[in-house]
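Okay, structure first, notes after.
Bear in mind that the values in this text are calculations on the coordinates, not laboratory data. Since the model is a prediction, treat every value here as computed from it, not as a measurement. Cβ: placed from backbone, ideal geometry, glycine included. Neighbour counts: every protein chain shown.
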Amino acid sequence: MSTFEGDPDGTGRRIGIVAARFNELVTRKLLEGALAGLSARGVGESDVDVAWVPGAFEIPPVARRLASSGRYDGLICLGAVVRGETAHFELVANVAARGIADVASETGIPVIFEVLAVETMAQAEDRAGGRHGNKGWEAADAVLTMASLLDGLPEPREVG
């Protein structure tokens, strides 16, 4: 039996971050958490690039461009979508989630989804350095662990 596990050591890793400006009060805190987490795991400041987009809806195409560049070992996608009185919340959250998942599937690099979809701004703040910790820090740990895990897995066979 083989067991495969990733290691969150970030030494020598290059990470891209896509952050949404909408609800920037929250996303900036998530970004700070992600940067602190990456630094704590050995990722150098010069090995991290941050791309700001207007909102969560705009994250997937920028994530796809970064992932397709071959420059990064993994990506972190940060945003916050807070429920309002219309269906806009569901539309934006669903498009962001699906688009980010597609980028990971299509490119084969880890793309971590940390777009908070919450009922209230207080819930978002609780997850961006509040009583539930900082989900940005958790995203940093996840991207490094996944990059290591994927590096250690057998290479895929060509089909066809």
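Evaluated at 4 °C with a viscosity of 1.567 mPa s, what Stokes-Einstein diffusion coefficient in µm²/s does the chain have when Rh comes from the Kirkwood expression over alpha-carbon pairs?
It comes out at roughly 82 µm²/s.
What number comes out for the charge environment of ALA56, summing +1 per Lys or Arg and -1 per Asp or Glu over other residues with Cβ under 15 Å away?
Charge balance in the 15 Å sphere: +2.
Modelled label-to-label distance, ALA101 and ASP49, 7 Å Cα→beta-carbon offset: nm?
In this crude label model, ALA101 to ASP49 measures out at 2.7 nm.
Write out the trypsin sites (Lys or Arg not before Pro) in the range 84-160 meeting two conditions: DSSP loop, and at most 12 other Cβ atoms within 10 Å of their Cβ.
On the way: sites: ARG98, ARG127, ARG131, LYS135, ARG157; in loops: ARG131, ARG157.
Those that pass, being in a loop and sparsely packed, are ARG131, ARG157.
What do you get for the angle between helix 24-40 and the principal long axis of the chain? Use alpha-carbon atoms, 0 to 90 degrees, nearest ten.
Rounded to the nearest ten degrees, it is 30.
So which GluC sites (Glu not before Pro) in the range 93-160 are both in a DSSP loop and have at most 16 other Cβ atoms within 10 Å of their Cβ?
When the GluC sites (Glu not before Pro) of the range 93-160 are filtered for loop state and at most 16 Cβ neighbours within 10 Å, GLU119, GLU158 remain.
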